[in-house]
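The values are calculated or read from the model by the stated rules, or taken from the named source; none is laboratory data. None of the values given here were measured: they were computed from a predicted structure. Here Cβ is always computed from backbone atoms with ideal geometry, including for glycine, and neighbour counts include all displayed protein chains.
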């Protein structure tokens, strides 16, 4: 049986300018062809660049891309892979402080959490600990950190909140 074709998107939320050509090379190598991203300034982080790139390839290519670009300092990204008839979709999120988080995605784009992970979270009698385990499974900390970079990518004005006191 042939490996099904998949598609997805690479979101580079913030990268140092010097890293940009290396990211293009790594993604291109992962999908088997040269790519050129349309880089823009990232308003949420002075001096950083951002880009989005739609890709297509064999199922599993999202993991290959995420593996190829993880580990560089000061890089924030997401890679998505749509599900196919034969495979679940996925989303890989990366931040410098948190590293990589992977979630499986269903056909509607919702995160699916495996039954054993939910059961392990439910084993905690303390509701706060159960909440913490489910937040890890859902990638909540990654979403929180990336949200400001996502919003800034939509040409939305960035409102910085500062803690007082």
Just one listed residue, out of 27, 35, 9, 64, is touching a residue at least 60 places away in the same chain (Cβ under 8 Å) and in contact with a strand residue (DSSP E or B) (Cβ under 9 Å, 6 or more places away or on another chain), and it is 9
For the range 96-106, does any single residue satisfy the condition of being within 15 Å of residue 8 (Cα to Cα), in contact with a strand residue (DSSP E or B) (Cβ under 7 Å, 6 or more places away or on another chain), at pLDDT 90 or above and surrounded by fewer than 13 Cβ atoms within 10 Å (Cβ to Cβ)? no
Does residue 44 fit the bill of being touching a strand residue (DSSP E or B) at 6+ places or on another chain (Cβ under 9 Å), surrounded by 13 or more Cβ atoms within 10 Å (Cβ to Cβ) and part of a strand (DSSP E or B)? no
Out of everything in the range 141-157 that is more than 13 Å from residue 11 (Cβ to Cβ) and surrounded by fewer than 14 Cβ atoms within 10 Å (Cβ to Cβ), what residue ends up being modelled with the highest pLDDT? 144
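Table: residues versus (1) modelled with pLDDT under 95; (2) buried (at least 19 other Cβ atoms within 10 Å of the Cβ); (3) outside any helix (DSSP H, G or I).
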site: 3; (1), (2), (3): yes, no, yes
site: 11; (1), (2), (3): no, yes, yes
site: 36; (1), (2), (3): no, no, yes
site: 52; (1), (2), (3): no, no, yes
site: 55; (1), (2), (3): no, yes, yes
site: 91; (1), (2), (3): no, yes, yes
Only unsatisfied item for residue 74, checking (1) more than 21 Å from residue 110 (Cα to Cα); (2) buried (at least 18 other Cβ atoms within 10 Å of the Cβ), is (2)
Give just the number: which of (1) free of Cβ contacts under 8 Å to residues at least 40 places away in the same chain; (2) over 18 Å from residue 7 (Cα atoms) does residue 74 not satisfy? (1)
